[in-house]
Each structure stands twice: as structure tokens, then as C-alpha cells.
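First up is the structure itself, then whatever we jot down about it.
The values are calculated or read from the model by the stated rules, or taken from the named source; none is laboratory data. The structure displayed is predicted, hence computed values, not measured ones. Note that each Cβ is placed from the backbone with ideal geometry, even for glycine, and that neighbours are counted across all protein chains shown. Just the protein is used for accessible areas: all its heavy atoms, side chains included, with ligands, DNA and RNA removed. Shrake-Rupley method; radii C 1.70, N 1.55, O 1.52, S 1.80 Å.
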Amino acid sequence: MMTQSITVEESRELDDKTINKIGIPSLVLMERAGLKIYEDMINNKDLNLDNVLILAGTGNNGGDGLVVARLLETHGYNVSILTVGNPDHASHDHKAQAHICDYYQIKKVFMNEKFDKYTTLVDALFGSGLSRNVGGDFATIIDKANASAAKIHAIDIPSGLNGDTGEVMGTAIKAASTSTIAYPKVGMLKDEAKPYTGKIYVDDIGIYRGNSFENE
Ligand SMILES: NC(=O)C1=CN([C@@H]2O[C@H](COP(=O)(O)OP(=O)(O)OC[C@H]3O[C@@H](n4cnc5c(N)ncnc54)[C@H](O)[C@@H]3O)[C@@H](O)[C@H]2O)[C@@H](O)CC1
Ligand SMILES: [K+]
């Protein structure tokens with residue numbers, strides 16, 4: 001059982017070490033993340049997956065969200081994607097996932113979309129890359145998501161929540177459940193973070209701290 005928590009910086013160092021020193025390709029980690037998040041959602045009986053909207057930023061957190069979109073689509077669920085931010089400036093792995101989503105012709109919606117027809121929203125706006133207060137279109141979408149009747153499942157860290165302190169950076173997603181990658185981040189376990197994280201799933205995707213793999 002992995003119950004340790006880590007800082008956001010450590011999570012980024014572990015990602016980097018796993019990819020660049022150990023040699024597991026980043027797209028393999030992203031695929032494993034997406035598969036685990038998809039399974040968490042399927043197994044969470046509190047989520048109604050009749051009509052799912054993926055809220056995707058243009059980084060790798062959004063890339064994880066696009067893997068979930070594709071897995072939902074290929075398993076027959078009704079799923080749409082709202083990309084927030086400039087797709088031309090998306091991360092390499094995000095662009096690779098967007099290309100795959102295009103192959104499957106997954107429905108795309110835009111900023112003016114009404115959220116009330118969706119049963120579940122997936123928060124893939126920001127994860128460990130959040131570096132400043134949330135504003136502009138991102139804040140608009142977070143506030144619209146929180147105001148909607150749909151439940152929110154967050155990927156890695158609820159967007160806008162400071163993963164180290166558990167504080168809200170401007171505004172933050174209030175998730176019913178969160179799939180966090182590798183280890184929970186320290187701020188997510190604080191009492192004040194609970195209304196934002198909801199139930200936390202910890203997803204093993206092959207990223208390990210120190211020698212913890214020896215205990216697997
Ligand atoms: N390849 C990897 O390293 C892995 C990454 N993973 C996922 O990738 C996430 C990290 O991805 P990224 O490093 O691409 O970062 P994010 O996707 O968290 O953020 C994307 C970008 O948003 C920008 N940004 C930060 N704060 C902002 C703000 N307030 N307003 C507007 N833009 C802002 C930053 O330039 C940042 O790089 C993790 O949380 C996890 O979900 C997982 O797939 C596991 C493997
Ligand atoms: K997120």
C-alpha cells in the first residue's frame with residue numbers, strides 16, 4: 001500500500017527521473033495514467049457516466065484527460081472534449097493524444113457550452129504544472145463547472161488547488177473524486193482541501209519514490 005504523500009516539485013522530479021533516467025517513455029506513463037483514471041471512474045458508483053465532458057488544458061494533465069476521453073469513446077460512452085487554452089501551444093504528448101482523439105472523431109465543444117446536460121465533468125485543466133493564480137477562461141470554466149449539477153472527477157490535482165498547501169489559487173475545482181498520479185500531493189491531504197479533492201484514488205502508473213518499488 002502506498003500511503004506516502006509528496007510535494008508537487010517531487011512529483012515533477014519523479015516524472016522526470018522515470019522518463020529521462022529510468023527510460024519509461026512519457027506516452028507510456030500517460031497511457032497508464034489514463035487507463036487507471038478510466039477504471040477509477042468506471043468503479044466509482046457515485047459517478048453517472050451517461051454523458052461526460054472532458055475539460056482539457058493544453059499540458060500533460062489535459063493529455064491524461066484526452067486518454068480518458070478516448071477510452072470512454074471506444075467503450076461506447078457519450079463523451080465530448082472542451083479544450084481550454086491555445087492548442088497550437090499544447091505539450092508534445094497532449095498533441096499526440098489530440099491527434100488520436102481526432103481519429104475517433106470525438107465530439108468537440110467550445111467555451112459557450114452549457115454544462116447542465118452532462119452527468120460527469122472530468123477536470124484535466126491543470127495538474128502539477130499549475131504555477132500561478134487561475135484567471136481568464138480557466139477561471140470561467142472552473143466556476144461554471146462548480147456551478148453545474150454534474151459531478152466532477154479531477155485528474156491528479158483539482159485544478160486551482162495548490163498541491164503543496166491545499167490553498168485555492170484564485171478559484172479551484174470542487175471535485176467529487178480525484179485520481180491522483182503515483183502519490184497524493186501533501187496539500188491534498190489537508191482538511192481544507194477535502195471539499196476540493198473529494199474521494200481520492202491513488203493510481204500506480206510505474207512512478208516510484210526511492211526504493212518503494214521493492215515493496216510492491
Ligand atoms: N509525462 C509526464 O511527466 C507525466 C505527466 N502526467 C500528467 O501531467 C501533469 C503535468 O503536466 P504539465 O507539466 O504539462 O503541466 P499541467 O498540465 O499541469 O499545466 C499545463 C501548463 O499550464 C500552464 N499554467 C500554469 N499555471 C497556469 C495558470 N494559472 N493559468 C494558465 N496557465 C497556467 C503552465 O505553463 C503549465 O505547463 C501531471 O499533473 C499529470 O496529470 C501524467 O500523465 C504522468 C506522466
Ligand atoms: K486537474
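The base-10 log of I(q)/I(0) for the chain, evaluated at q = 0.15, 0.16, 0.17, 0.18 Å⁻¹, reads -0.89, -1.03, -1.18, -1.34 [Debye formula, identical scatterers on Cα atoms, solvent excluded].
Using only helices, what value at 222 nm comes out for the chain when you add -39,500 (n - 2.57) per DSSP H run of length 4 or more and divide by the total residues, to the nearest 500 deg cm²/dmol?
Value at 222 nm, helices only, nearest 500: -10000 deg cm²/dmol.
Using the Karplus equation 6.51 cos²θ - 1.76 cosθ + 1.60 (θ = phi - 60°), what ³J(HN,Hα) coupling, rounded to whole Hz, does each residue of region 164-172 give in order, writing x for Gly and Pro? So the J values, rounded to whole Hz, are 8, 9, x, 8, 8, 9, x, 8, 8.
Taking Leu66, Leu27, Leu53 in turn, the Gaussian network model of the chain (Cα-Cα springs below 10 Å) assigns the largest fluctuation to Leu27. Within the same chain, lysines fewer than 8 places from Lys107 are excluded, and of the rest, those with a Cα less than 17 Å from its Cα are Lys95, Lys117. Partners of Lys114 within straight-line reach, counting aspartates and glutamates whose Cα lies under 13 Å from its Cα and excluding those fewer than 8 residues away in the same chain: Asp143.
Within the same chain, lysines fewer than 8 places from Lys194 are excluded, and of the rest, those with a Cα less than 23 Å from its Cα are Lys36, Lys45, Lys144, Lys151, Lys174, Lys185.
Taking Leu130, Leu55, Leu161 in turn, the Gaussian network model of the chain (Cα-Cα springs below 10 Å) assigns the largest fluctuation to Leu130.
Counting only protein heavy atoms and a probe of 1.4 Å, the accessible surface of the chain is 49% carbon and sulfur. Taking each residue as 0.36 nm, the span from Lys194 to Ala147 lengthens on full extension beyond its C-alpha to C-alpha distance by 15.1 nm.
Between Asp64, Asp16, Asp40, the residue with the greatest mean-square fluctuation in the GNM of the chain (Cα pairs under 10 Å linked by springs) is Asp16. Label sites at Lys21 and Phe110, each approximated as a point 7 angstrom past Cα along Cα to Cβ, lie 4.6 nm apart. Could you quote the convex hull projected area for region 56-160, Cα atoms only and averaged over all directions, in nm²? Approximately 6.2 nm², given one-decimal rounding. Summing Cβ point charges (Lys, Arg +1; Asp, Glu -1) relative to the Cα centre of the chain gives a dipole of roughly 380 debye. For the chain, the per residue solvent-accessible surface stands at 47 Å², with DNA, RNA and ligands left out and a 1.4 Å probe.
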